[in-house]
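The values are calculated or read from the model by the stated rules, or taken from the named source; none is laboratory data. The structure displayed is predicted, hence computed values, not measured ones. So basically every Cβ, Gly included, is an ideal-geometry build from the backbone, and we count neighbours across all protein chains shown. These accessible areas exclude ligands, DNA and RNA; they are computed on the full protein's heavy atoms, side chains included. Shrake-Rupley method; radii C 1.70, N 1.55, O 1.52, S 1.80 Å.
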Amino acid sequence: MRVPASLLALLTATTALAACAGPPAPVQSVQTTPDETVTLNAAGEFGTDDPGAIAYDRKLAPEGAQASVTVESGGGQTRTSLVVEGLLPKRRYGAHLHAKPCGEKPDDAGPHYQHHPGQVDSASEVWLDFTTDDEGAGRASARNAWVLERAKLPASLVIHAQSTTISGPQAGQAGPRIACLTLK
C-alpha cells in the first residue's frame, strides 16, 4: 500500500510535534491513595450559635447536650468514634454519617452516607448506636473495611431518636433526626 506524500508529510509533522511536546500531562485523581489517611472531625454543643452543631428536638437533645466525632480513614479501613454528653439518661439513640452538611431543617443533611451506593447495611454505612448512662453520656465506635474517597466524603453526623433497625424493610432507619454535627 502506497501512502500519498501529503498524508506522509502530515503524519511526520504530527509525530515530530508530539515528540517536542513531551509526554502527556498526568491525569489528576481525586481518589484516596492506599497510604493516605483522611481525617474528619466535628464537635460542639447543640443549639448554640455554632451552625455546625444543631439541635432539632430539644426534648431528646436538651440544652447543654454536646457531641464529638472523629472519622479516620486509611490503611484499608475507616474508623469512626462518637462521644456524647448531656442527652437523656439511660436512653438508646441511633447515629449515622450523612451525605450533606447540617442545615436548618433535619432533612438538609441528606441521606445516610453509603460507601456502596444503594447498599443499606452496616458494611456500607456507618452506624453508631449508643445507650446513654445515668448522666446522659454515651460512646460508640465503628470500623468499616473500606477507605473514604476524597471525591465522596460524608459531610455530617446525625443523631436519631431511636436505635438503628438492622434488618427487614425498615433496615437502616432510626427514627427522627434530633441533632446534627457538620464534619470538617
> Which of the lysines could a cross-linker span from Lys184 if the Cα-Cα distance has to be under 19 Å and same-chain partners fewer than 8 positions apart are dropped?
Replying inline: Lys100, Lys152
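For the stretch 32-91, what Kirkwood radius comes out of the mean inverse Cα-Cα distance, in Å?
On the way: mean 1/r = 0.0765 Å⁻¹.
For the stretch 32-91, the Kirkwood estimate is 13.1 Å.
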> Measuring from the lowest to the highest alpha carbon on each principal axis, how far does the stretch 109-184 reach, largest first, in angstroms?
Replying inline: 40, 33, 23
> By how many nm would the segment from Ser167 to Thr70 grow when fully extended, if each residue of separation counts as 0.36 nm and the alpha-carbon distance is taken off?
Replying inline: 32.3 nm
>> Using only the alpha carbons of the stretch 27-142, what is the convex hull's orientation-averaged projected area in square nanometres?
In response: 8.5 nm²
> Rolling a 1.4 angstrom probe over the protein heavy atoms, how many square angstrom per residue are accessible across the stretch 67-153?
Replying inline: 48 Å²
> Which of the lysines could be linked to Lys90 by a straight reach, that is with a Cα gap under 24 Å, when you skip same-chain ones fewer than 8 residues away?
Replying inline: Lys59
> Could you give the nm distance between label points at Arg91 and Ala145, where each point is 7 Å from its Cα heading toward the beta carbon?
Replying inline: 3.6 nm
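Determine the share of the stretch 122-181's accessible area contributed by carbon and sulfur atoms, expressed in whole percent, with a 1.4 angstrom probe. Write down the numbers at each step before the final one.
On the way: 1280 of 2690 Å².
Result for the stretch 122-181: 47 percent of the exposed heavy-atom area is carbon or sulfur.
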> Each label point is 7 Å from the Cα along the Cα-to-Cβ direction; what then is the distance between the points at Glu36 and Arg79, in nm?
Replying inline: 2.1 nm
>> Report D for the stretch 56-104 in µm² per second (integer): Stokes-Einstein, Kirkwood Rh on Cα pairs, 25 °C, 0.890 mPa s.
In response: 189 µm²/s
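How big is the Cα convex hull of the stretch 91-150 in projection, averaged over all directions, in nm²?
Numbers: hull surface 20.8 nm².
Average of the hull's projected areas for the stretch 91-150 equals 5.2 nm².
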